[in-house]
Amino acid sequence: MPKVKVDGVELEVPAGATVLQACEMAGKEIPRFCYHERLSIAGNCRMCLVEVKPGPPKPQASCALPAADNQEIFTQTEMVKKAREGVMEFLLINHPLDCPICDQGGECDLQDQSVAYGRGGSRFEENKRAVTEKYMGPIVKTVMTRCIQCTRCVRFAEEVAGVPEIGAIYRGENMQITTYLEHAAKSELSGNVVDLCPVGALTSKPYAFEARPWELRKTPAIDVMDAVGTNIRLDSRGRQVLRAVPRINDDVNEEWASDKTRHNVDGLVRKRLDKPFVRKDGKLVPATWEEAFKAIAAVQHGGSVAALAGDLLDCETMFAGKLLVEKLGGSMLEGRQTGLAYDVSSLSAVNFNTTLNGIETADVILLVGTNLRWEAPLVNTRIRKAIKKGAKVFALGPQVDLTYKVEWLGNDASLLAKLPEAVVEAFGRAARPAMIVGGGVLAKDGAHGDTLALVETLGLIKDGWNGYNVLHFAAARMGGLMLGYATTGGIKAVAAAKPKLLFSLGADEADYSAFDDSFKVYVGHHGDKGAHAADVILPGASYAEKAGTYVNLEGRVQRGEKAVFAPGDAREDWSILRALSEVLGATLPFDSFDALRAEMAKAVPALGVEGLADYGWSVPSLPTGASGEFGSPIKDFYLTNAICRASPTMQQCSAELIHGTSFAEAAE
């Protein structure tokens with residue numbers, strides 16, 4: 001490990017560290033625009049200049065200079081100060097003075113660093129250049145005159161997203177960043193370039209001119225658009241969430257978020273249920289809470305009660321629903337709305353056991369019946385990192401572009417019983433082999449058992465390593481399974497039992513034609529499929545309007561906080577169920593959210609502690625012998641739930657990026 005001196009302080013740095021990293025270890029702040037911890041080094045902006053001895057008598061770019069033994073690094077000398085002022089002066093030669101109308105204002109690296117490291121004025125009087133705006137799709141708004149050519153967006157698109165559609169054209173002063181042929185950036189992660197851009201060249205199109213950062217209340221939350229459990233921050237003003245941005249969590253989402261995570265928030269204020277409804281003479285009519293509760297109390301259910309849990313639910317709501325069903329004499333609980341009925345006797349057999357961090361270190365990976373780009377874009381970025389370290393990827397299922405090299409074995413489930421010799425040999429040589437099982441497998445009879453049979457064949461379990469992974473794509477799935485929302489036989493078995501009273505807890509993907517004989521009570525936040533089928537609607541709160549516990553696909557228990565209040569007469573789901581239980585004569589044993597959470601932790605201790613739950617490892621004995629093609633469970637990445645379907649941004653993304661509709665932009 002090299003020993004260096006930074007401004008007179010001696011320290012050891014890891015081998016391969018750069019001078020910039022050495023300075024940061026010493027607690028020194030080094031300004032930068034092009035350098036980013038998760039991207040390759042470009043050395044474009046020269047803002048990170050420092051003085052290094054021994055070396056040439058001039059400032060050097062610390063981001064691209066390796067730290068070496070006996071180096072002396074100076075970050076505060078007059079030479080460094082003058083050099084940084086000069087670089088900033090050059091960067092501002094062409095930058096427009098439009099901070100008052102720039103969406104980056106208030107959280108702009110260029111603003112901050114020009115104040116901290118720049119001169120008081122410019123000596124250049126030449127005209128500034130102008131660059132035409134570029135079209136990058138419904139997510140990213142461009143004002144390319146502001147661009148300082150740091151190339152962060154170019155490197156992100158190529159290295160992390162794997163969709164190298166952003167690049168530079170022309171040379172010298174005429175250089176411009178653009179998508180090739182100026183079409184929409186076709187990546188599920190394109191919104192991340194907005195966070196990466198250190199100036200206002202790339203900003204969020206749906207959020208344009210909405211608010212300034214100092215006006216917003218910032219609330220830590222957990223994303224519910226997929227099962228990764230992305231850590232996000234909800235920025236709200238008044239009673240509306242204006243944007244969602246990722247929080248850094250290296251164990252889960254690093255610092256990325258999918259476009260669906262970022263831009264579903266405009267759906268939170270559209271098509272909302274803000275008052276109770278009761279069906280009279282075949283039509284849903286507005287009612288008071290008292291009338292709605294009386295209509296439910298009038299149902300003669302005789303203990304024939306069931307509950308369906310939606311994909312976006314928090315664990316507290318599901319636990320309250322479970323207690324209510326049990327107190328009313330029922331036992332049927334189901335969260336797998338689309339008809340899946342896989343075995344859940346061992347939660348480890350339906351868990352992402354490698355963990356999100358662990359999958360990066362796998363050296364051979366077999367994907368079965370999954371389109372990772374749509375089911376979990378941030379798991380796909382982890383696979384890309386594994387490939388950069390030398391991993392080989394095989395895949396069984398419908399062939400799609402996963403943004404990296406994959407050896408496709410075909411799309412026939414019977415291949416699970418007779419994998420090609422080359423695959424078995426590759427797994428035999430692997431130190432950390434992994435298999436990822438997607439929704440296409442869980443939907444096919446026998447396929448889950450076939451994949452579990454491969455655990456021994458492919459040597460997926462080793463000392464300190466479990467390479468068997470099931471990829472869920474519903475945020476509520478693992479929490480629901482831990483709480484028992486899995487009836488043997490799935491939703492078909494629940495429908496066959498013909499429950500007289502059915503609680504639909506935000507379940508918008510279920511086929512309600514199978515429940516024609518049931519009295520359906522929908523507790524949810526959007527006027528979607530579940531509300532259309534309901535006999536009584538009780539308006540609930542979305543994930544942004546309540547605190548909640550969520551369990552991601554690797555069994556990680558996480559908690560989000562309440563950002564805003566639900567609209568109109570809508571209430572938090574747990575409080576609705578608590579009030580209803582009193583009217584039904586089955587009072588639930590809690591009066592506050594904290595008391596509910598304590599009851600839940602008592603019933604399922606793993607849900608009371610944030611962090612990875614330990615399911616142990618056991619392999620259930622399941623039927624095998626699957627055959628036929630795997631299907632794709634997600635038909636449209638941008639419209640997978642009620643919030644997305646209410647979002648104009650998600651509607652436009654679907655139309656343009658999935659279905660090829662073109663949108664003309666008005667001249668401005």
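For region 442-495 and region 165-182, compute the distance between their C-alpha centroids and round to whole Å.
Going from one Cα centre to the other spans 46 Å.
Please work out the average accessible area per residue across the chain, using the 1.4 Å probe convention, and give it in Å².
Ligands and nucleic acids excluded, the result is 40 Å² per residue.
Please give the peptides 603-609, 449-455, 96-102 ranked by average Cβ packing (other Cβ atoms within 10 Å per residue), highest first, as a rough proxy for protection.
Taking the mean over residues of other Cβ atoms within 10 Å, the ranking is 449-455, 603-609, 96-102.
Using per-residue counts of other Cβ atoms within 10 Å, averaged over each peptide, order 565-573, 283-291 from highest down.
Result, highest mean first: 565-573, 283-291.
Which net charge results when you count Lys and Arg as +1 and Asp and Glu as -1 among the other residues whose beta-carbon is under 13 Å from that of residue 111?
That works out to -3.
Which order do the peptides 119-125, 618-624, 195-201, 243-249 take when ranked by the mean count of other beta-carbon atoms within 10 Å per residue, highest first?
So the peptides 119-125, 618-624, 195-201, 243-249, ranked by packing, come out 195-201, 243-249, 618-624, 119-125.
Using DSSP, restrict attention to beta bridges with both residues in region 513-562 and report what percent are antiparallel, rounded to the nearest 5.
50
Classify the chain as rounded, prolate or oblate, taking a ≥ b ≥ c as the square roots of the eigenvalues of its Cα gyration tensor: rounded when a/c is under 1.5, otherwise prolate if a/b is larger than b/c and oblate if not.
Judged from the Cα gyration tensor, the chain comes out prolate (a/c at least 1.5, a/b above b/c).
What's the magnitude of the charge dipole for region 518-663 around its Cα centre, counting Lys and Arg as +1 and Asp and Glu as -1 at the beta-carbon? Answer in Debye, nearest 20.
80
With the full set of protein chains in place, find how many percent of the accessible area of the chain is carbon and sulfur; take the probe as 1.4 Å.
Of all accessible area on the chain, carbon and sulfur atoms account for 51 percent.
Relative contact order for the chain: what is it in percent, counting Cα pairs under 8 Å that are at least 6 residues apart?
Once normalised by length, the contact order is 14 percent.
Looking at the chain, send over the antiparallel percent of its DSSP beta bridges, to the nearest 5.
55
Report the one residue of 423, 96, 411 whose Cα lies farthest in the direction of the positive end of the charge dipole of the chain (charges on C-beta: Lys and Arg +1, Asp and Glu -1; origin at the Cα centre).
Farthest towards the positive end: 96.
Using +1 at the Cβ of each Lys and Arg and -1 at the Cβ of each Asp and Glu in the chain, identify which of 26, 284, 347 lies farthest towards the dipole's positive end.
The residue sitting most towards the positive pole is 26.
Go through 275/322; 3/405; 418/462; 5/58; 500/635; 28/58 and tell me which ones have a Cα-Cα distance over 29 Å in this structure.
Listed pairs above 29 Å: 3/405; 500/635.
What number, rounded to the nearest 500 deg cm²/dmol, is the helix-based mean residue ellipticity at 222 nm of the chain, given -39500 (n - 2.57) per DSSP H run of at least four residues and division by all its residues?
Calculated at 222 nm, the ellipticity per residue is -6500 deg cm²/dmol.
Apply the a/c threshold of 1.5 to the C-alpha gyration tensor of region 563-664 and tell me whether it is rounded, prolate or oblate.
Verdict is oblate for region 563-664.
The values are calculated or read from the model by the stated rules, or taken from the named source; none is laboratory data. Everything quoted here is computed from the prediction, not taken from an experiment. Neighbour counts run over all protein chains shown; Cβ positions are idealised from the backbone, glycine included. With ligands, DNA and RNA removed, areas are computed over all heavy atoms of the protein, side chains included. Shrake-Rupley method; radii C 1.70, N 1.55, O 1.52, S 1.80 Å.
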